[in-house]
Amino acid sequence: MRFDIVTIFPGIFAGIFDHGVVRRAAAAGILAVHTHDLRDFTHDRHRTVDDRPFGGGEGMVLKPEPIAEALEALNVTPKETRDPTRESVILLSAQGKRFTQATARELAKLDRVVLLCGRYEGVDERVNHLLADRELSIGDYVLSGGELGAAVILDATMRLLPGVLGNQASTQFESFGNSEAEIAAHDQDGAPPRSTHGAGGLLDYPHYTRPVDFRGQTVPDILTTGDHLKITRWRREQALKKTLRNRPDLLQNADLTDRERAFLASIEHS
Ligand code: SAM
């Protein structure tokens, strides 16, 4: 999969992708990341990428022409003929739809993603209409530029690509993972509990490692019993508990059994 990042600060990405899973994926040829300086697509002496907003107001706005030229130079298919199952041009924006794990799963099916990073007051809206397929936000806050958002989208997407993680199943058994039914299809009878088990659209359960006793707080006994079934149940309950406490909104669409609903009702009022 190829990512192109168009930015006025390509230097921000130096180092960010030179570590861990991204570096390994690139070395293995699964992932290619190319960053492009938007100023390379200007024609004036000052390499101008921004201008004053029509209608007045604070700050500057990124001009549409350098962005359009960048896409042409990168051989990105024009929007009208772009195949949405292969290629996507994404504008990073606080006004965009929220980027989620489900979006990452969709993007991971594509061959190429182009990430357009805004700065200043934002990007001329015609970029959104004429050049980009999606406007994505990484959360309900305002960043000073789209670069960190681009890095977030790239990271969350590339780790879902086949062959990137040693254990591909783990991407389904973590926070916001697939539904319990899908997970059950992967489970084998009597198999040891997975390191992360059955998030089913919820948050992951809490993890523990050695030492057993850390500053007086010990690892929950059940995790050292070796009873796989009980551990699996306990982990699911912990995931439910944590989701109820930190992200109750996720429970609305969660795929829950009657037993799990009863468990939630019992702790909700405790
Ligand atoms: N005036 C804009 C608004 O109120 O929505 C904010 C512009 S922001 C200072 C500059 C750039 O940062 C945006 O064009 C966008 O590319 C990026 N950005 C800011 N917040 C973001 C977010 N939550 N998600 C993704 N990109 C964001």
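The values are calculated or read from the model by the stated rules, or taken from the named source; none is laboratory data. On a predicted model such as this, the values are computed, not experimentally measured, just so you know. Cβ atoms come from the backbone with ideal geometry, glycine included; neighbour counts cover every protein chain shown.
Being touching a residue at least 60 places away in the same chain (Cβ under 8 Å) and either in a helix (DSSP H, G or I) or within 13 Å of the ligand (Cβ to nearest atom) (or both) is the filter here; which residues of the range 93-123 pass it? Steps first, please.
We begin by selecting, within the range 93-123, every residue touching a residue at least 60 places away in the same chain (Cβ under 8 Å); these are 100-102, 108, 110-117, 119-123.
Of everything in the range 93-123, those that are touching a residue at least 60 places away in the same chain (Cβ under 8 Å) and either in a helix (DSSP H, G or I) or within 13 Å of the ligand (Cβ to nearest atom) (or both) turn out to be 100, 101, 102, 115, 116, 117, 119, 120, 121, 122, 123.
From the list 153, 90, pick out the single residue that is part of a helix (DSSP H, G or I) and either in contact with a strand residue (DSSP E or B) (Cβ under 9 Å, 6 or more places away or on another chain) or at pLDDT below 95 (or both).
Numbers: 90 fails: part of a helix (DSSP H, G or I).
Result of the check over 153, 90: 153.
Condition first: within 21 Å of residue 33 (Cβ to Cβ) and assigned to a strand (DSSP E or B). Now tell me which residues in the range 56-83 satisfy that.
none
Confirm whether residue 49 is buried (at least 16 other Cβ atoms within 10 Å of the Cβ), at pLDDT 95 or above, among the hydrophobic types (A, V, I, L, M, F, W, C) and closer than 19 Å to residue 118 by Cα.
Yes.
Name the residues in the range 15-58 that are in contact (Cβ under 8 Å) with a residue 24 or more places away in the chain and charged (D, E, K, R), would you?
Scanning the range 15-58 gives 24, 37, 39, 40, 50, 58.
Working carefully through the options 86, 47, 126, find the one that is among the basic types (Lys, Arg) and either closer than 26 Å to residue 32 by Cα or within 10 Å of the ligand (Cβ to nearest atom) (or both).
Sole residue among the options that is among the basic types (Lys, Arg) and either closer than 26 Å to residue 32 by Cα or within 10 Å of the ligand (Cβ to nearest atom) (or both): 86.
The conditions are (1) in contact (Cβ under 8 Å) with a residue 60 or more places away in the chain; (2) crowded, with 17+ Cβ neighbours inside 10 Å, and residue 89 fails exactly one of them. Which is it?
Checking residue 89 against (1) in contact (Cβ under 8 Å) with a residue 60 or more places away in the chain; (2) crowded, with 17+ Cβ neighbours inside 10 Å, the one that fails is (1).
Take the residues of the range 132-149 that are surrounded by fewer than 20 Cβ atoms within 10 Å (Cβ to Cβ) and under 12 Å from the mean Cα position of the chain (by Cα): which is farthest from the ligand (Cβ to nearest atom)?
Per the stated criteria, the residue is 148.
Could you figure out which of (1) over 27 Å from the mean Cα position of the chain (by Cα); (2) under 20 Å from residue 149 (Cα atoms) isn't true of residue 31?
Going through the list (1) over 27 Å from the mean Cα position of the chain (by Cα); (2) under 20 Å from residue 149 (Cα atoms), residue 31 breaks only (1).
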